[in-house]
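Data block below; observations after.
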Amino acid sequence: PHFADLQALLLKCLQDETSNRVRVAALKAVGSFMEFTHDGDEVIKFREFIPSILHVSRQCLASGEEDVAIIAFEIFDELIESPAPLLGDSVKSIVQFSLEVCSTQSLEPNTRHQAIQIISWLAKYKSNILKKHKLILPILHVLCPLLAESTNEDEDDDLAPDRAAAEVIDTMALNIPKHVFPPVLEFASVSYQNANPKFREAAVTALGVISEGCLELMKKNLEPVLHIVLAALRDPEQMVRGAASFALGQFAEYLQPEIVSHYEGV
């Protein structure tokens, strides 16, 4: 019965200009509230909090309190999964924040992974919203280069940004292929001649990753796509050749029967 009053209190504390401790405590409280709020109308009221949540999270990241900033992603997670529709414009600022975080190499792998997960959830469950707000290009402009990021051998593979980025690109390709194929092909066309072998590897990895979702478009554009992959197959660097082999394996699986007629070149 006290929901509205508590919500007003939380919002006020999130915006408390005098104390960072109060803002952080409010962010944690909002996180707890969201966990147990399942009523659509109540969830909708939390949308007004999004600008303040983003503001506090950015401050936490700046001061090295990543564990607190992660709470923001947990809240967005709840908002995205709730059946109540996400408020249009807030999705833009959430995506922007997530992209900032996942492309900041100085942050912890787990923090960056949480940011990529938000994009992944949106791609899976709200791909139409991404289309409507023209967010697909900005997302791919950040995620495709992430495929070229080296990971330390001792890092947890599941949190590796290149792997997480590949999963999101795959999800997007399956859900919105028409919008994903052109920017990925453009990325691959530019990157396969990059002096940095990680980018050459990323170019062909990206093509392999989208081949299931974008199969119809790829069948129609096999010549330019194969041109890139076959060039990579002749690359002096082993990892680039490996990625090209992965891409060809994907093509053999998804681009039938068209791919078969290119057997001589392959």
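The values are calculated or read from the model by the stated rules, or taken from the named source; none is laboratory data. Small disclaimer: the values here were computed from a predicted structure and weren't measured. Here Cβ is always computed from backbone atoms with ideal geometry, including for glycine, and neighbour counts include all displayed protein chains. Remember, those area values only see protein heavy atoms, side chains included, never the ligands or the DNA or RNA. Shrake-Rupley method; radii C 1.70, N 1.55, O 1.52, S 1.80 Å.
Descriptive notes on the structure:
- Anisotropy class of the stretch 149-252 from Cα gyration tensor, a/c 1.5 cut: oblate
- Area accessible to solvent at SER52, 1.4 Å probe radius, in Å²: 10 Å²
- Cα shape, the stretch 27-159, gyration tensor, a/c 1.5 rule: oblate
- Ligands, DNA and RNA excluded, the heavy atoms of VAL142 present near 40 Å² of accessible surface to a 1.4 Å solvent probe.
- For the residues ASP157, ASP235, ASP41, a GNM of the chain with alpha-carbon springs under 10 Å puts the largest fluctuation on ASP41.
- PHE187, PHE199, ranked by accessible area, largest first (probe 1.4 Å): PHE199, PHE187
- For the chain, the solvent-accessible area works out to 49 Å² per residue, with a probe of 1.4 Å and every protein chain left in place.
- Summed side-chain charge close to LEU137 - residues other than LEU137 whose Cβ falls under 14 Å, Lys, Arg +1, Asp, Glu -1: +4
- Cα-based Lys pair tally, the chain, threshold under 15 Å, eight or more apart or on separate chains: 13
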